[in-house]
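The values are calculated or read from the model by the stated rules, or taken from the named source; none is laboratory data. Being a predicted model, the structure only gives us computed values, none of them experimental. Here the Cβ positions follow ideal geometry from the backbone for every residue, glycine too, while neighbour counts run over all protein chains shown.
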Amino acid sequence: MAQARHHAGLEVPLGSGSAVAEQVVDGDQWVLVEKERIAAPLPHGGSVLVTRKRPLSGSIRGAVLLLHGFACTRYAWHLSRRSFSAYLASRGYDVWNLELRGHGLSRAYGSRLPKRFEDYVNEDVPAVAKALAEAGHRRFFLLGHSMGGALAYAAAPDLGLRARGVVTLSGVFRWGGGALLIRAATPLLHAVERLHRAVGAGAGLPLYANLVGEVVALNLWAIEAGIVKIPAEGWAPHSIEQPVLREWLKRALDRTSAAILATMGRWAWTGEFTDSESRCDYAARWARCGVPSLVIAGDRDRLADAEADVRPAFEAATGDRSFRMFGRCRDGVEFGHVDLVIGRAAPKLVWPTIGDWLDGH
């Protein structure tokens, strides 16, 4: 379990590509982990990178595969002041923090931006599942945020009994019920997606969300003070300390493929949750999957509306399923999109809820 802070941040190489690291969980809590980077080869060239963390002592409760959201990197789950991945390791889990193709460290290992959402489903997750099996984990949990939640819903059925359970935070099952900007843009995104398919544009234009993050980080004080308004804020006002949020904006956001955003626009426009050719109905497959699931939403999420975009995944699920809305009515604090992972209240409210669910499954 997490301990009072000593000198977190120290990292000592062990050889064979691994190291012992002291990592902050939250505040003065830290954990000693064995850290390793694993390259999982893709079938058509290149690899996706996983940053693996496991407790240095004690028994392993199981493995968790983290799936980041749209245009993100491994830092969506790990910041220098607050780390959900370190928290899971402190609870005894072997944590595999995947950076999807073309994102973060995976870009340096020859993987290109995706041409289709199903590239993530059909190649990235299976590649890591194979690496997990080689490491001794025949079964593992899928844990996704935002688009990573959509990926968990889409990938779990193909894993069969290998999927021990699925946990999502603001996991997109429908899309477009949140910010007015998203709803207004969905016809354009839908048209772009159809154009991509018609002309075989592949990944299309790269989207530099990292540059947007840099600009927002520079003006964060004005945004938090209400001087500058943004149409689709990813967090509830004052729910995340500015140093933590600024680090997330600068390190967690990355470039991505326009094709992915266009596909999500089609989901919003049509109400379907399918692959890019509408041949594979992910929603129907999820409904038949029967894997244990915990679906989490935030009451003030403007990017993935709790009722319109997130709850439908719970309603479609079969078998052992749970839904938890975090927000002011029950918890005394509002939760936006990112707050569920890195908000100041997340370590006390959201993280233990997930940890307890994992322990029980």
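Looking only at region 224-247, decide whether some residue is at pLDDT below 90, over 19 Å from residue 119 (Cβ atoms) and part of a helix (DSSP H, G or I).
yes
Residue 131 is checked against (1) out of contact with any Cys (no Cβ under 9 Å at 6 or more places or on another chain); (2) surrounded by 22 or more Cβ atoms within 10 Å (Cβ to Cβ); (3) aliphatic (A, V, I, L, M) and fails just one. What number does that condition carry?
Among (1) out of contact with any Cys (no Cβ under 9 Å at 6 or more places or on another chain); (2) surrounded by 22 or more Cβ atoms within 10 Å (Cβ to Cβ); (3) aliphatic (A, V, I, L, M), the lone unmet condition for residue 131 is (2).
Considering only region 255-279, state which residues are in contact (Cβ under 8 Å) with a residue 40 or more places away in the chain and in contact with a strand residue (DSSP E or B) (Cβ under 6 Å, 6 or more places away or on another chain). Reasoning before the result, please.
Within region 255-279, the subset in contact (Cβ under 8 Å) with a residue 40 or more places away in the chain is 255-271, 273, 275-277.
Hits for region 255-279 are 255, 256, 258.
Which members of region 20-43 meet the condition of being more than 18 Å from residue 58 (Cα to Cα), of a type in the set (D, E, K, R) and in contact with a Phe, Trp or Tyr (Cβ under 8 Å, 6 or more places away or on another chain)?
Passing the criteria: only 26.
Could you check how many residues of region 255-299 are under 18 Å from the mean Cα position of the chain (by Cα), of a type in the set (Val, Ile, Thr) and at pLDDT 95 or above?
So the count comes out to 2.
Test each condition in (1) within 28 Å of residue 326 (Cα to Cα); (2) at pLDDT 85 or above for residue 218 and report the one that comes out false.
The one condition residue 218 does not meet is (1).
So residue 305 ticks every box in (1) within 20 Å of the chain's Cα centre (by Cα); (2) modelled with pLDDT of 95 or more; (3) more than 25 Å from residue 81 (Cα to Cα) but one. Which box is left unticked?
Tallying (1) within 20 Å of the chain's Cα centre (by Cα); (2) modelled with pLDDT of 95 or more; (3) more than 25 Å from residue 81 (Cα to Cα), residue 305 fails exactly one: (2).
Pull out all pairs, ordered by first then second residue, where Cβ-Cβ is under 8 Å, the residues are six or more apart or on different chains, the first lies in region 209-235 and is farther than 18 Å from residue 301 by Cα, and the second is polar (S, T, N, Q).
Going by the 8 Å Cβ cut-off, the qualifying pairs are 209/256; 220/242; 221/242; 228/219.
Which of the residues belonging to region 92-146 are of a type in the set (Ser, Thr, Tyr), closer than 18 Å to residue 71 by Cβ and assigned to a loop (DSSP other than H, G, I, E, B)?
111, 146
Run down 82, 107, 101, 139 and say which single residue is touching a residue at least 24 places away in the same chain (Cβ under 8 Å), of a type outside the set (A, V, I, L, M, F, W, C) and surrounded by fewer than 23 Cβ atoms within 10 Å (Cβ to Cβ). Before you say what the answer is, go through the steps one by one.
Numbers: 82 fails: surrounded by fewer than 23 Cβ atoms within 10 Å (Cβ to Cβ); 107 fails: touching a residue at least 24 places away in the same chain (Cβ under 8 Å); 101 fails: surrounded by fewer than 23 Cβ atoms within 10 Å (Cβ to Cβ).
Exactly one residue qualifies, and that residue is 139.
I'm trying to understand the selection: among the residues of region 207-254, which are touching a strand residue (DSSP E or B) at 6+ places or on another chain (Cβ under 8 Å) and either surrounded by fewer than 13 Cβ atoms within 10 Å (Cβ to Cβ) or among the acidic types (Asp, Glu) (or both)?
Residue satisfying the conditions is 254 alone.
Tell me which residues, restricted to region 318-343, are in contact (Cβ under 8 Å) with a residue 40 or more places away in the chain and surrounded by 18 or more Cβ atoms within 10 Å (Cβ to Cβ).
333, 334, 335, 336, 337, 338, 339, 340, 341, 342, 343
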